1. Going through the range 39-77 one residue at a time, which ones are out of contact with any Asp or Glu (no Cβ under 7 Å at 6 or more places or on another chain), closer than 21 Å to Val16 by Cβ and hydrophobic (A, V, I, L, M, F, W, C)?
2. Taking interchain pairs and intrachain pairs at least six residues apart, which have beta carbon atoms under 6 angstrom, with the first residue in the range 40-54 and more than 12 Å from Phe68 (Cα to Cα) and the second assigned to a loop (DSSP other than H, G, I, E, B) and not β-branched (Val, Ile, Thr)?
3. Please give the strands (runs of 3 or more DSSP E) falling wholly within the chain in which 2 or more residues are under 11 Å from the mean Cα position of the chain (by Cα) and surrounded by fewer than 17 Cβ atoms within 10 Å (Cβ to Cβ).
4. Can you report the number of residues in the range 29-80 which are on the phi > 0 side of the Ramachandran plot and at pLDDT 85 or above?
Amino acid sequence: MRDSDNYTQTFDEELVASGWSATEIDGPWSWASIYRKSEQEAASLAEDNGVVLWVTTRGVEVDNLVAFTRTASERIRPAD
């Protein structure tokens, strides 16, 4: 298990414990979820190849957040 795996698992558990709802999402990453705190506040957490991406938003549609997270994850993926 990579350190980033432990980080994302712990971060996920802490977010849910503090009142965020979590929904796993499919994409080019090894793991990702969308989090909702309220109707206006959403975030994404994605992990892929040891890179962790955390994005927070206010007033952004969830579909747009998923698309942004997907694009950002693909762009920062380490070269093979």
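The values are calculated or read from the model by the stated rules, or taken from the named source; none is laboratory data. All figures in this text were calculated on a predicted structure; none of them were measured in a lab. Don't worry about glycine lacking a Cβ; one is built from the backbone with ideal geometry, like all the others, and counts go over all protein chains shown.
1. Selection gives Ala42, Ala43, Ala46, Val52, Leu53, Trp54, Val55, Val60, Val62, Leu65, Val66.
2. Partner pairs satisfying both residue conditions: Gln40/Gly59; Glu47/Ser30; Asp48/Trp29; Asp48/Ser30; Asn49/Pro78; Gly50/Arg2.
3. It comes to 21-24, 51-58.
4. Residues in the range 29-80 being on the phi > 0 side of the Ramachandran plot and at pLDDT 85 or above: 1 in total.
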